[in-house]
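Below is one structure, written out as structure tokens, with a few remarks after it.
The values are calculated or read from the model by the stated rules, or taken from the named source; none is laboratory data. Keep in mind that what you see is a predicted model, and the values were worked out from it rather than measured. Positions of Cβ are generated from backbone atoms using ideal geometry, with glycine treated the same way; all protein chains shown enter the neighbour counts.
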Amino acid sequence: MNHFKSVKVGNSPLLLLGCIIISFGVTHFYFKNTDSPKIENIIGHILLFPVYIVDGLVSLLGFNSVMSNPIVIFLVLLITYSFIAFIAVKIFEWRHSEEQ
């Protein structure tokens, strides 16, 4: 039924695809011009937290801000979300194997 598991790839491509979609959506949220509802604005800025950290680090090093470049924002979000997703999967697999 699950072709990825039958070829020993696992869930990695699906996780990466999900992270790409979420990163693209959050990047689009940052660059859209319309006013969004307050709760959407709060959640969007929470999801942009990794970009704010990278922007602060880049500013401390004396480089230009990354907040105006959509490709850099997308890549920072993609790397951060992928890292979190893959670590979470490894933790869940470890916990599941520990229970058996």
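The table for this structure:
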item: Any chance F86 is modelled with pLDDT under 90 and either under 19 Å from the mean Cα position of the chain (by Cα) or not basic (K, R) (or both); result: yes
item: Lone qualifier among I73, I79, I42 - being surrounded by 10 or more Cβ atoms within 10 Å (Cβ to Cβ) and in contact with a Phe, Trp or Tyr (Cβ under 9 Å, 6 or more places away or on another chain); result: I73
item: Residues that are surrounded by fewer than 10 Cβ atoms within 10 Å (Cβ to Cβ) and at pLDDT below 90, drawn from segment 45-63; result: G62
item: Subset of segment 43-69 [among the small types (G, A, S) and part of a helix (DSSP H, G or I)]; result: G44, G56, S59
item: Candidate set from segment 1-42 (those that are assigned to a helix (DSSP H, G or I), in contact with a helix residue (DSSP H, G or I) (Cβ under 9 Å, 6 or more places away or on another chain) and hydroxyl-bearing (S, T, Y)); member that is modelled with the lowest pLDDT; result: S12
